Amino acid sequence: MNSIITDLKKIIGGEVSNQESDLAAVSQDFGNIIHKYPQVVIRPQNAGDVVQAIKYAGQQGLTISSRSGGHSLSGQCLNEGGILLDMRSLNQIHEFCPDKLWFLADPGVSWNQVVDTAIPHGVIPPVLTNNFEVTLGGTLSAAGLGLSSFRYGSQADNCLGLEVVTGTGDIVWCTADENSELFYHVLCGYGQFGIITKVKNTLRTYRPYTRSYFLCYDNLDHLLHDACGLVSQARIDGLVCLFSPCLQGISRSNDQIKPLIQWFYRMQITLEVDSVYEINDGELLGDLKFYRHIHTEDLSFEQFIQPLGQVPYSVNTANTWIDVLLPWSKAEEFINIALQRLPSFVDFRTIPIGSFCLNSRHHKMPMFPLPDDELIMGLGMYPSIPKAQVQSVLKQLNLLTDLGLQMGGKRYMATWTDFDLPRWRQQFGSYWPRVNHIKRKYDPVGILNPGFFRWEENTLVVSEE
């Protein structure tokens, strides 16, 4: 171990550490389900440090993983017994060009840094997640979804270019036109094909005000009908739905006790405007089938985009969150089954559940597979539970995952994912052999971010799970 530290300190300009406190700090992610300890943590000073670390790992038979904010849920950013690159040390915005609608930054830059820089110039990234503390490299490696994804795709779909260090230690600049194969697989690729060291991303201008309508539904079919119309006709700029249970009593039939639950669905739709006085409420809402119009909220754009609050991290709690992406034709059936099952294994009264919409024509990343439908419904279930309940809850969530895959759905892999090879094959379908080929090409000895994907045997990559 001392020789590894000595070797790395000779070739790395940034920090190299095997201190117990540094290793422990990167041994878990936000999911707090999987824990792994690397041998060494490197805080690179530049892309050259990443090159040296990858080449050294390959020579020594070590694995190497990249991590920034650590907001993954299935150990995607962890490493067992190898080298962990803490990319938070690369955190500068190098160029910001609001007139040309792009910026160039390090992968450890947070979206909060980007927003703070962008707002005074009247521009904004087209898609923002509900957590601004996540980093560019982290979300671009996963996809990055937000309230406006049905209009603009994922954050990865708005990336213009990447500087990447491959598994062979080569620095490659790639775009949709230049080295496009690497570009389209590093994006949403969870560090499997290369490590991002710079990001060029698009910006858009924004309008100064927003109006949001909070609409309550007691009928899922009506909710889906209205969401479909609003999204497909591009009548709105933002949409999210939250599901709320109302306990109506207890059934004791057939010697079984079960809660009687009425589900309500709140749809929040948002318009981005130059003036709220230009909006015709009747024209927008007149044909919608909501049960009650709860509230109308007018905010400045800067106020609207701020996240409402972050989920606190607790060492005693596991975040067993999943997002299932469903073809619109199967969404109602799957959601009804999921809502029936949830009370049997989690406290349904306290778990955030919601849905969002995607439009497949705005998504072009092969590593972010979508159901074969133009409109996609994403169902998110976000249990934060005592660690003692983890295995029983994950078993049930895996069953819901399998049901979604059987219905032609896909999983958003940024959330909890426990896939064996058959599930990976279902996730990518006919594209799976191509994914394995790209892995062999850019990471031939299988050292990058091991233990999440379960590759075919001839990729030389073996799962650590």
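The values are calculated or read from the model by the stated rules, or taken from the named source; none is laboratory data. Keep in mind that what you see is a predicted model, and the values were worked out from it rather than measured. Every residue, glycine among them, receives a Cβ derived from its backbone with ideal geometry; neighbour counts consider all protein chains shown. Just so you know, the surface numbers come from the protein's heavy atoms only, side chains and all, with ligands and any DNA or RNA stripped out. Shrake-Rupley method; radii C 1.70, N 1.55, O 1.52, S 1.80 Å.
Tabulated values for the structure
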item	result
Qualifying positions in region 80-117 - more than 30 Å from G58 (Cα to Cα) and of a type in the set (D, E)	E95, D99, D116
Residues satisfying the stated conditions in region 226-264, i.e. in contact (Cβ under 8 Å) with a residue 60 or more places away in the chain and either over 21 Å from E374 (Cα atoms) or in contact with a Pro (Cβ under 6 Å, 6 or more places away or on another chain) (or both)	L242, F243, P245, L247, K258, P259, I261, W263
Filtered residues of region 231-278 (kept if surrounded by fewer than 18 Cβ atoms within 10 Å (Cβ to Cβ), in contact with a strand residue (DSSP E or B) (Cβ under 8 Å, 6 or more places away or on another chain) and not in a strand (DSSP E or B))	S232, I257, D274, S275, V276
Listing of strands (runs of 3 or more DSSP E) fully contained in region 76-121 that carry 3 or more residues being of a type in the set (S, T, Y) and either closer than 18 Å to R204 by Cβ or open to solvent by less than 50 Å² (accessible area, probe 1.4 Å) (or both)	none
When residues of region 339-355 are limited to those that are of a type in the set (D, E, K, R) and within 26 Å of N130 (Cα to Cα), the one least open to solvent (accessible area, probe 1.4 Å)	D347
Of all residues making up region 406-416, the number that are farther than 21 Å from G153 by Cβ and touching a Lys or Arg at 6+ places or on another chain (Cβ under 7 Å)	1
The one condition in (1) more than 20 Å from D443 (Cβ to Cβ); (2) surrounded by 14 or more Cβ atoms within 10 Å (Cβ to Cβ) that K10 fails to fulfil	(2)
Matching strands (runs of 3 or more DSSP E) fully within region 134-219 where at least 1 residues are open to solvent by 10 Å² or more (accessible area, probe 1.4 Å) and of a type in the set (D, E)	159-166
Neighbours by Cβ (under 7 Å, 6+ apart or cross-chain): first from region 38-61, over 17 Å from G446 (Cβ atoms) and open to solvent by less than 20 Å² (accessible area, probe 1.4 Å); second assigned to a helix (DSSP H, G or I) and of a type in the set (V, I, T)	V40/I4; V40/I5; P44/V50
Which listed residue, of P422, P327, P383, P366, is of a type outside the set (V, I, T), under 30 Å from E456 (Cβ atoms) and buried (at least 19 other Cβ atoms within 10 Å of the Cβ)	P327
Hits in region 340-355 (condition: within 11 Å of P259 (Cβ to Cβ) and touching a helix residue (DSSP H, G or I) at 6+ places or on another chain (Cβ under 6 Å))	F348
Helices (runs of 4 or more DSSP H) wholly inside region 364-465 containing at least 1 residues that are within 20 Å of the chain's Cα centre (by Cα), closer than 18 Å to F193 by Cβ and in contact (Cβ under 8 Å) with a residue 60 or more places away in the chain	432-442
Of the criteria (1) open to solvent by 40 Å² or more (accessible area, probe 1.4 Å); (2) at pLDDT 95 or above, which one N130 fails	(2)
